[in-house]
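S.K.: Submitted below is the structure of interest, expressed as structure tokens.
The values are calculated or read from the model by the stated rules, or taken from the named source; none is laboratory data. Quick caveat, the model's predicted, so the values are computed rather than measured. Cβ sites come from the backbone with ideal geometry, for glycine too, and all protein chains shown count toward neighbours.
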């Protein structure tokens, strides 16, 4: 003996009471989405979104780099420091304090350079 158990059919009135909101898409939106899919995306929409994200990140990075360079240039415009640059021959005649040798000889040479000035 087979007993078929069947669930009672839901009462449409009760279903509407539980969930009265039924989302309906705007027909214009549906048409625009179909057109966009066929026009732009020959590939998967997720690939398209991924590529758009990558492009936007590159643009954002480029913008931030340009902005940073612009701010550095503006900060240097207010700088009044101008270093005193000596000719190449003048640098060779002076004693390099980092050169090898004993401290006595380097001090003696340093004093002679001061006296020459």
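S.K.: Name the helices (runs of 4 or more DSSP H) wholly inside region 1-94 in which the number of residues that are at pLDDT 85 or above is 2 or more. Give the derivation first.
M.R.: On the way: elements: 12-18, 27-40, 45-77, 88-93.
Per the criteria, 27-40, 45-77.
S.K.: Just for region 95-117: of the residues that are assigned to a loop (DSSP other than H, G, I, E, B) and out of contact with any helix residue (DSSP H, G or I) (no Cβ under 6 Å at 6 or more places or on another chain), which one is modelled with the lowest pLDDT?
M.R.: At the first step, the residues of region 95-117 found to be assigned to a loop (DSSP other than H, G, I, E, B) are 95-102, 117.
Add one more test, that the residue is out of contact with any helix residue (DSSP H, G or I) (no Cβ under 6 Å at 6 or more places or on another chain), and what stays is 96-102, 117.
On the way: 96: 56, 97: 51, 98: 58, 99: 60, 100: 65, 101: 69, 102: 79, 117: 76.
Among those that are assigned to a loop (DSSP other than H, G, I, E, B) and out of contact with any helix residue (DSSP H, G or I) (no Cβ under 6 Å at 6 or more places or on another chain), it is 97.
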